[in-house]
Amino acid sequence: MATEDSPRFDTVDWDEITSGGGREVTKSLVALGASLAGLAALLLYDYVVVPDRTATFAAVGWGYDVTKLDWLLALSLLFVAFYGALPLYRNERMTRYYWKEFKKNRPAVASLVFLAVVFVGGVFGPLVISSPESELLRQFQPPVFMEIPQNYVIECVGERAAGVCRGTWQHPLGTTPDGRDIFKMIVYGMQISMKVGLIATLMAVVIGASVGTVSAYAGGMVDEVLMRYVDIQQSFPTLVLYLLIIYTWGGGLFTMVLLFGLFSWEGTARYVRSNALSKSEEEYMKASRLSGAGTYHTIRRHLIPNTASSIITDATLLIPAFLLAEAQLSFLGLGDTSVASWGQLISVGRDHLSYAPWITLAPGLVLFLTILAFNFLGDALLDALNPEARAEAES
Amino acid sequence: MTERPLLSVRNLEKHYPITEGVLSRRVGAARAVDGISFDIARGETLGLVGESGCGKSTAASSLIRLEEPTGGRVLFDDGRGEGLRDVTRFDEADLKAFRRNAQMIFQDPSSSLDPRMTVGSSVAESLMVHGMTDRTRRRKIVENLLEDVGLSADDYDRYPHEFSGGQKQRIGLARALVLNPDLIIADEPVSALDVSVRAEILSLVDRLQEEYGLSMLFISHDMSVVRDVCDRVAVMYLGKIVEIGETEEVFANPQHPYTEALLSAIPTPDPRQRRKGIELTGKVPSPVDPPDGCRFHTRCHRVIQPDEYDLEQSHWRSLLNFRDEVVAGAVDVGKVRESVEAGAADGDAEATPDAAVEREIRADFGLPERLSDAAAERRLGDAFDRLLSGNEDEAAETLAAAFVTPCEESVPEFVDHGDGHRSACFLTARDERALERPANAER
Ligand code: SF4
């Protein structure tokens, strides 16, 4: 019999073990379950207990009413934490290796820092910064170090000189035509961007990855039908559908995000499918099957982790595409005017470009930098996470 | 228990359908493994050798059911007192239990370890899959095992890219061992490794096998490796086993010409063993359309002559190669003629005499100017006349009718040479007379 402190493989009594049966329940699975249950409970509380027009957290004295998108964002963040951050933390060795590779790309590191600021600003900014209130008297305040002819402003917060109004630190990026602080709006816009980018991307990735995997593994008719559907969806004019929805039910950010997520997973699905097909030929997949593991286990433990790097790279391209799409729709006046997204801000400044260009330029620059950062990040991740892809590209 | 084998493979077949068109109409099959049989006793190592593409790896993956075999039986004794049971009929649960008894080492250690998993988890995976839910126990077992295969317990948390090829193969061994199987299939376990570490890994395999009483199916294309590790050896050619026997016996006294050819390719340091390298001519046939009769007849250097002829053996071989090429329409007379013309004197625009072209073709195929056997020479000359006058089809017919080896007319049966040494070749079936034939041919 094996001694307690030094069990050996050849003394394992397998009959005893396999008859015990049962799945292993890991701590992280329990934690994820608990978090999801907590979220669900809150949601129930919001919809059942809290009266319709009362803010969700009114009971604890916080006057914030949680929206549908907020719930989705919370859910997305949970998934990112459990399937992104936690594995990185757990597999410290691998993380360090990735980091070493990633670090070589300077612009990407800068991008990461920038995106981290946007992320933190998006999550915590609205909690600590009061929402930008409209103050008509303070309209068209210029940013610091800039000025505007006196006749555009009603009340100049900074110093006036020679018929111009100068900017102040009170409104570092100036104000909008209705006197909202642009810096605050950009911070609030970070959260909107996060919602658009994160939720839609996560939806697209989850649906795409599932369809791709099922397609690859089921094969035959299922594969055929799914892939033909992907073809159809790819040529489907999502914009027209969105317009249709706006005119029939009225649009909104929630609808927009949902549509983005539901109609842009075809690339991911194709990609994951072909990746799954080629990876299933790898010997480690055979080895896993040979160990007696079922298809689910093999997919979960080997296929997904090995496809993840490509999915992440794919996601870094999806996020900026969604952000840009939101901005474009807003600019065309098709966006959700009730939220302070960067796109909305840009479109607000549209009519005042000649004398108050900052209204458009400030959010435009942030948007541009965000998109650029995601592109740099995507490139660097491709290199760091996918050494094989890099080798192929070089050869 | 001793007389009953651990594994007994009977007529194992794996045919891959070849389909055509949108409707996937089945137009044929690649007969990768075409009815092979062998036994492996407890604690024994059987080598399965052959060129790449002969089906040996397919045989391995079908018998362990990584791929579903299309025919035959694989009988395995799982030691539960139920005797030999047919693996090909196992249901999920049986198969999962079978996985604990039979494991595999893969050829390429780099691709057989998941690059995104610590090697410890890779090895421990099997334990988890089979229900060992105690994380610390898994870890302890794997750490001990890693030490056993010559690595350290700390290596548990490292990733495959941090190891050398040899070390990765040690990990592959650990993974194959961790469920304490009775049988391990090693699919070319050292051929992807540096020559310098091969010996180490082989001796590790040897030691572990001894220690844990493992049976092994050792697949290789390298005869010299097989000689070092295997108790018995089976030689495979184009989906079939052509010779099987005790390693020493097969090496000392090969009965099948193909085995002989493989053995002659081993460089020997011993000058007294004057085994000349035998060069196999003729093209390697495809398993989709294997040759009739003895599958080796298109390349066999000892391919038998019909009684009517008495030719030098190498000429007979060349003659058959020539026949096969003509029948396949692969002899381009026009081209030869052109090159002969180009080679002739510059100003000479006159048509080159057919004789020169014939000489050229004969030289290409290693045929002499005149065959020593008059009857054969007459028929060959006839065929050449037709070929050179542009009648390729008739030439092919003439050749096909005139030169036929008994080897392609029927399939040789296995002949027992004692002690389980068997081979399938007409030469040995014809016993004494056949064995002397090569000597006769020298006259
Ligand atoms: S049967 Fe004929 S062709 Fe086949 S191995 Fe023997 S001699 Fe060669």
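The values are calculated or read from the model by the stated rules, or taken from the named source; none is laboratory data. Not measured: the values here are computed from a predicted model. Glycine also receives a Cβ, built like all others from the backbone with ideal geometry; neighbour counts cover every protein chain displayed. Areas reflect the complete protein model, heavy atoms only, side chains present, ligands, DNA and RNA absent. Shrake-Rupley method; radii C 1.70, N 1.55, O 1.52, S 1.80 Å.
Table for the structure above
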{"read-out": "Filter result (surrounded by 22 or more Cβ atoms within 10 Å (Cβ to Cβ) and at the interface with chain A (Cβ under 7 Å from one of its Cβ atoms)) within the stretch B:133-147", "value": "B:Ile141, B:Leu145"}
{"read-out": "Residue tally, condition away from every other protein chain (no Cβ under 11 Å) and assigned to a helix (DSSP H, G or I), over the stretch B:155-167", "value": "4"}
{"read-out": "Filter result for the condition that a residue is within 11 Å of another protein chain (Cβ to nearest Cβ), out of contact with any strand residue (DSSP E or B) (no Cβ under 6 Å at 6 or more places or on another chain) and outside any loop (DSSP other than H, G, I, E, B), over B:Arg100, B:Arg80", "value": "B:Arg100"}
{"read-out": "Single residue of the stretch B:409-429 satisfying the filter (touching a helix residue (DSSP H, G or I) at 6+ places or on another chain (Cβ under 9 Å) and either assigned to a helix (DSSP H, G or I) or within 9 Å of the ligand (Cβ to nearest atom) (or both)) that is modelled with the lowest pLDDT", "value": "B:Thr428"}
{"read-out": "Any chance A:Ala2 is open to solvent by less than 40 Å² (accessible area, probe 1.4 Å), within 14 Å of another protein chain (Cβ to nearest Cβ) and at pLDDT below 75", "value": "yes"}
{"read-out": "Subset of the stretch A:279-289 [more than 7 Å from chain B (Cβ to nearest Cβ) and touching a Ser or Thr at 6+ places or on another chain (Cβ under 9 Å)]", "value": "A:Lys279, A:Ser280, A:Met285"}
{"read-out": "Qualifying residues in the stretch B:247-260 (those that are open to solvent by 10 Å² or more (accessible area, probe 1.4 Å) and either basic (Lys, Arg) or in contact with a Leu (Cβ under 9 Å, 6 or more places away or on another chain) (or both)) - the one farthest from the ligand (Cβ to nearest atom)", "value": "B:Phe251"}
{"read-out": "Verdict on A:Val113 being more than 30 Å from A:Arg300 (Cβ to Cβ) and either touching a residue at least 12 places away in the same chain (Cβ under 8 Å) or assigned to a helix (DSSP H, G or I) (or both)", "value": "yes"}
{"read-out": "Residues that are away from the ligand (no atom under 16 Å from the Cβ) and either open to solvent by 30 Å² or more (accessible area, probe 1.4 Å) or not aliphatic (A, V, I, L, M) (or both), drawn from the stretch B:386-408", "value": "B:Arg386, B:Ser389, B:Gly390, B:Asn391, B:Glu392, B:Asp393, B:Glu394, B:Glu397, B:Thr398, B:Ala400, B:Ala401"}
{"read-out": "Matching residues in the stretch A:126-152 - criterion: being surrounded by 18 or more Cβ atoms within 10 Å (Cβ to Cβ) and assigned to a helix (DSSP H, G or I)", "value": "A:Pro126, A:Arg138"}
{"read-out": "All helices (runs of 4 or more DSSP H) inside the stretch A:290-395 with 2 or more residues being open to solvent by less than 40 Å² (accessible area, probe 1.4 Å), in contact with a Ser or Thr (Cβ under 9 Å, 6 or more places away or on another chain) and closer than 29 Å to A:Pro107 by Cβ", "value": "A:304-331, A:342-349, A:358-385"}
{"read-out": "Hits in the stretch B:103-114 - residues which are of a type outside the set (Gly, Ala, Ser) and within 7 Å of another protein chain (Cβ to nearest Cβ)", "value": "B:Gln103, B:Met104, B:Phe106, B:Asp108, B:Leu113, B:Asp114"}
{"read-out": "Hits in the stretch B:22-55 - residues which are free of Cβ contacts under 8 Å to residues at least 40 places away in the same chain and among the hydrophobic types (A, V, I, L, M, F, W, C)", "value": "B:Val22, B:Leu23, B:Val27"}
{"read-out": "Qualifying residue in the stretch B:258-272 (condition: at pLDDT 85 or above and in contact with a strand residue (DSSP E or B) (Cβ under 6 Å, 6 or more places away or on another chain))", "value": "yes"}
{"read-out": "Helices (runs of 4 or more DSSP H) within the stretch A:180-267 that include 2 or more residues of a type in the set (Ser, Thr, Tyr) and under 26 Å from A:Ser278 (Cβ atoms)", "value": "A:200-218"}
{"read-out": "Boolean, B:Met128 is without any contact (Cβ under 8 Å) to a residue 12 or more places away in the chain, at the interface with chain A (Cβ under 9 Å from one of its Cβ atoms) and open to solvent by less than 20 Å² (accessible area, probe 1.4 Å)", "value": "no"}
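Okay, residues lined up against (1) within 16 Å of the ligand (Cβ to nearest atom); (2) touching a Cys at 6+ places or on another chain (Cβ under 6 Å); (3) within 22 Å of A:Ala293 (Cβ to Cβ); (4) not in a helix (DSSP H, G or I):
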{"position": "B:Leu173", "(1), (2), (3), (4)": "no, no, yes, no"}
{"position": "B:Pro181", "(1), (2), (3), (4)": "no, no, yes, yes"}
{"position": "B:Ala192", "(1), (2), (3), (4)": "no, no, no, yes"}
{"position": "B:Glu200", "(1), (2), (3), (4)": "no, no, no, no"}
{"position": "B:Asp206", "(1), (2), (3), (4)": "no, no, no, no"}
{"position": "B:Glu210", "(1), (2), (3), (4)": "no, no, no, no"}
{"position": "B:Val233", "(1), (2), (3), (4)": "no, no, no, yes"}
{"position": "B:Ile241", "(1), (2), (3), (4)": "yes, no, no, yes"}
